[in-house]
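The values are calculated or read from the model by the stated rules, or taken from the named source; none is laboratory data. What you see is a predicted model, and the numbers here were worked out from it, not measured in a lab. Cβ atoms come from the backbone with ideal geometry, glycine included; neighbour counts cover every protein chain shown.
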Amino acid sequence: MSLRTLTSLAAGLLLAAAGAAFAQMPFKVISPAQPTDSDKIEVLEFFWYGCPHCFHIEPVVAAWEKGLPKDVAFKRVPGTLGNWEILAKMFYTVQAMGLQDQLHTKIFEAIHKDRVNLSNTKIRDEWLAKQGVDVKKYNEVEKSFSVTTSLQRAKQLQENYKVDGVPVFFVNGKFMANGESAGSYERLMPAVDSAIAIARRDRTATAAAPAPAPAKR
């Protein structure tokens, strides 16, 4: 057997081993990989306020977020599938007004505990007023360039990542974790942590790799 054949065989075995290892992971490798907006390990959560699974894992996600290491950047992205766009716009409007910390959990609870239809403009405005929000200002911000741009960006990300259900997490543009890949929603955040660990290992290996030698003239 030639050296070239042996080399090819070894490479094939390594690829197969790597593939088998990833197959056992609680996340999936996505292709093509997507660019990220941060020099840190980027974690995106696609969610919808109307999703019961998103509602039930939100306290876990919030606690997880508080303990994030410094090399991880976390961002929530509201889904915009079908009529989801109404509540996606609410997310970005509240965010633009600096009220996300105050209202994010309350929006979830209003929908899932109190059965408030926040997709209805009149009901939503009444609810916002009860929370002490300036409704006139809210409606102005909702139409702002900032909110419109954020919403368009969310739509583009959803398309790029081929999101067709929530909740789903993407790590560093390379790995996807959801309830199915993790085995259950209770195991979802540990699955995300596993993907972060792999992304961190890859970054460390890339940083440690020697620079390519300059081409000879």
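Sort out which residues of the range 73-95 are of a type in the set (Val, Ile, Thr), surrounded by 21 or more Cβ atoms within 10 Å (Cβ to Cβ) and part of a helix (DSSP H, G or I), and write them in order of number.
Thr93, Val94, listed by residue number.
So is Ile111 farther than 22 Å from Ser181 by Cβ, at pLDDT 95 or above and under 20 Å from the mean Cα position of the chain (by Cα) or not?
Judged against the criteria, Ile111 is not a match.
Taking the range 116-155, which residues are hydroxyl-bearing (Ser, Thr, Tyr) and free of Cβ contacts under 8 Å to residues at least 40 places away in the same chain?
Result: Thr121, Thr148, Thr149.
Of the residues that make up the range 152-163, is at least one surrounded by 12 or more Cβ atoms within 10 Å (Cβ to Cβ) and in a loop (DSSP other than H, G, I, E, B)?
Yes, the range 152-163 contains at least one residue that is surrounded by 12 or more Cβ atoms within 10 Å (Cβ to Cβ) and in a loop (DSSP other than H, G, I, E, B).
Report yes if some residue within the range 47-60 is charged (D, E, K, R) and part of a helix (DSSP H, G or I); otherwise report no.
Yes, the range 47-60 has at least one match.
Is it true that Gly98 is small (Gly, Ala, Ser), over 16 Å from Arg76 (Cα atoms) and surrounded by fewer than 15 Cβ atoms within 10 Å (Cβ to Cβ)? Steps first, answer last, please.
Working: small (Gly, Ala, Ser): yes; over 16 Å from Arg76 (Cα atoms): no; surrounded by fewer than 15 Cβ atoms within 10 Å (Cβ to Cβ): yes.
Judged against the criteria, Gly98 is not a match.
What are the residues in the range 156-170 that are of a type in the set (S, T, N, Q) and in contact (Cβ under 8 Å) with a residue 24 or more places away in the chain, if any?
Result: Gln158, Asn160.
Okay, residues lined up against (1) closer than 25 Å to Cys54 by Cα; (2) assigned to a helix (DSSP H, G or I):
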| residue | (1), (2) |
| --- | --- |
| Phe108 | yes, yes |
| Ser119 | yes, no |
| Lys122 | yes, yes |
| Val133 | yes, no |
| Lys136 | no, yes |
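Which condition does Arg124 not pass, out of (1) closer than 23 Å to Ile41 by Cα; (2) crowded, with 16+ Cβ neighbours inside 10 Å, if it passes all the others?
(1)
Could you check Cys54 against (1) in contact (Cβ under 8 Å) with a residue 60 or more places away in the chain; (2) in contact with a strand residue (DSSP E or B) (Cβ under 7 Å, 6 or more places away or on another chain); (3) more than 21 Å from Asn178 (Cα to Cα) and say which number it fails?
Every condition holds for Cys54 apart from (3).
Which number in (1) within 18 Å of Thr80 (Cα to Cα); (2) of a type outside the set (S, T, N, Q); (3) surrounded by fewer than 17 Cβ atoms within 10 Å (Cβ to Cβ) marks the one condition that Asp202 misses?
(1)
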